[in-house]
Amino acid sequence: MKLIFATNNEHKIQEVRSLLHDAFTLVTLKEAGIMQDIPEPHDTLQANALEKATVVFNLSGENCFSEDSGLEVDALGGAPGVYSARYAGVNATAAQHINKLLAALTQEQNRAAQFRTVIALIENGQPVFFEGICKGYIAKTISGHRGFGYDPIFIPDGADRCFAEMELAEKNKYSHRRKAFDQLKTYLLSR
Ligand code: ITT
């Protein structure tokens, strides 16, 4: 089954390729000839995921999916959440987002947080949603150089090191993205 993945994030493409079963052919936006920037104007992961998938469905007419993810920190009332990609500014680097988050938690004992992914699949024109959550906590300092985004400061529950110190296969054991894509695969393969 051919599916267009509505993302411009190369790291997500790499992770999702490692998660999808051989039964799916993942087509990137570049491969589909879709070059435009896709907006994320909403204040929920679900609405943004639907927006991205809808733009691509309207351009291509093909089955497609997108995912919107965010890091939700308990002590910050769920921030940066849906704004994770622009927490320290639209053009800020991952290091700047991380530094802002560590500074916001300097005096904080409660470092609990979770990553959440919402997938919007558009199949034959109809949207279906899937969600994956990975609970964990925010480290006091950065470690590791793998992965992307907030991986250098997020330690999933059950692990003793952060995502950026893990090979992708190990991150996949815990990750929000893997949990959401397990559901997508189960849904598509059971029909
Ligand atoms: P697309 O919208 O093009 O898919 P994006 O990078 O804008 O790509 P999101 O809107 O979903 O993606 O932004 C989520 C941000 O949250 C992302 O830029 C990272 O900073 C962070 N993030 C998401 N998943 C992550 C993960 O597995 N590890 C670390 N950080 C992650």
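The values are calculated or read from the model by the stated rules, or taken from the named source; none is laboratory data. Remember, it's a predicted structure, so these values are computed and weren't measured experimentally. All Cβ positions, even for glycine, are placed from backbone atoms using ideal geometry, and neighbour counts span all protein chains on display. Each accessible area value is taken on the protein alone, full model and side chains, heavy atoms only, with ligands, DNA and RNA left out. Shrake-Rupley method; radii C 1.70, N 1.55, O 1.52, S 1.80 Å.
Which condition number does residue 137 fail, the rest of (1) within 11 Å of the ligand (Cβ to nearest atom); (2) in contact with a Lys or Arg (Cβ under 6 Å, 6 or more places away or on another chain); (3) more than 20 Å from residue 42 (Cα to Cα) being met?
Of everything listed in (1) within 11 Å of the ligand (Cβ to nearest atom); (2) in contact with a Lys or Arg (Cβ under 6 Å, 6 or more places away or on another chain); (3) more than 20 Å from residue 42 (Cα to Cα), residue 137 misses just condition (1).
Run down 75, 32 and say which single residue is surrounded by fewer than 18 Cβ atoms within 10 Å (Cβ to Cβ) and touching a Cys at 6+ places or on another chain (Cβ under 9 Å).
Values: 75 fails: touching a Cys at 6+ places or on another chain (Cβ under 9 Å).
Step by step, each of 75, 32 is checked, and only 32 is surrounded by fewer than 18 Cβ atoms within 10 Å (Cβ to Cβ) and touching a Cys at 6+ places or on another chain (Cβ under 9 Å).
Kindly list, by first and then second residue, each pair from a residue in region 143-168 that is closer than 21 Å to residue 93 by Cα and open to solvent by 20 Å² or more (accessible area, probe 1.4 Å) to a residue that is aromatic (Phe, Trp, Tyr) and within 12 Å of the ligand (Cβ to nearest atom), limited to pairs with Cβ atoms under 6 Å and residues at least 6 apart or on different chains.
What qualifies is 147/163.
How many residues are assigned to a loop (DSSP other than H, G, I, E, B), open to solvent by less than 20 Å² (accessible area, probe 1.4 Å) and either hydroxyl-bearing (Ser, Thr, Tyr) or more than 17 Å from residue 74 (Cβ to Cβ) (or both) when one looks only at region 89-106? Walk me through it before giving the result.
First pass over region 89-106, keeping only residues assigned to a loop (DSSP other than H, G, I, E, B): 89-93, 105-106.
Applying the additional criterion that residues be open to solvent by less than 20 Å² (accessible area, probe 1.4 Å) yields 105.
Those left that are additionally either hydroxyl-bearing (Ser, Thr, Tyr) or more than 17 Å from residue 74 (Cβ to Cβ) (or both): none.
Total meeting the criteria: 0.
Does at least one position in region 87-109 carry a residue that is touching a strand residue (DSSP E or B) at 6+ places or on another chain (Cβ under 7 Å) and among the charged types (D, E, K, R)?
Within region 87-109, none of the residues are touching a strand residue (DSSP E or B) at 6+ places or on another chain (Cβ under 7 Å) and among the charged types (D, E, K, R).
Which residues, taken from region 30-48, are under 19 Å from the mean Cα position of the chain (by Cα) and in contact (Cβ under 8 Å) with a residue 24 or more places away in the chain?
Correct list: 37, 38, 40, 42, 43, 44, 45, 46, 48.
Look through region 43-66, keep the residues that are away from the ligand (no atom under 11 Å from the Cβ), within 30 Å of residue 78 (Cβ to Cβ) and not β-branched (Val, Ile, Thr), and return whichever of them is least open to solvent (accessible area, probe 1.4 Å).
64
Which ones in region 1-28 are within 15 Å of the ligand (Cβ to nearest atom), over 14 Å from residue 52 (Cβ atoms) and in contact (Cβ under 8 Å) with a residue 24 or more places away in the chain?
Restricting attention to region 1-28, the residues satisfying the condition of being within 15 Å of the ligand (Cβ to nearest atom) are 3-19, 26-28.
Okay, now just the ones that are also over 14 Å from residue 52 (Cβ atoms), so 10-11, 14-15, 17-19, 26-27.
Matches in region 1-28: 11, 14, 15, 18, 19, 27.
Considering each of 176, 145 in turn, give the residue that is in contact with a strand residue (DSSP E or B) (Cβ under 6 Å, 6 or more places away or on another chain) and either on the phi < 0 side of the Ramachandran plot or not aliphatic (A, V, I, L, M) (or both). Give the steps one after another, and end with the answer.
On the way: 145 fails: in contact with a strand residue (DSSP E or B) (Cβ under 6 Å, 6 or more places away or on another chain).
Criteria check complete, one pass: 176.
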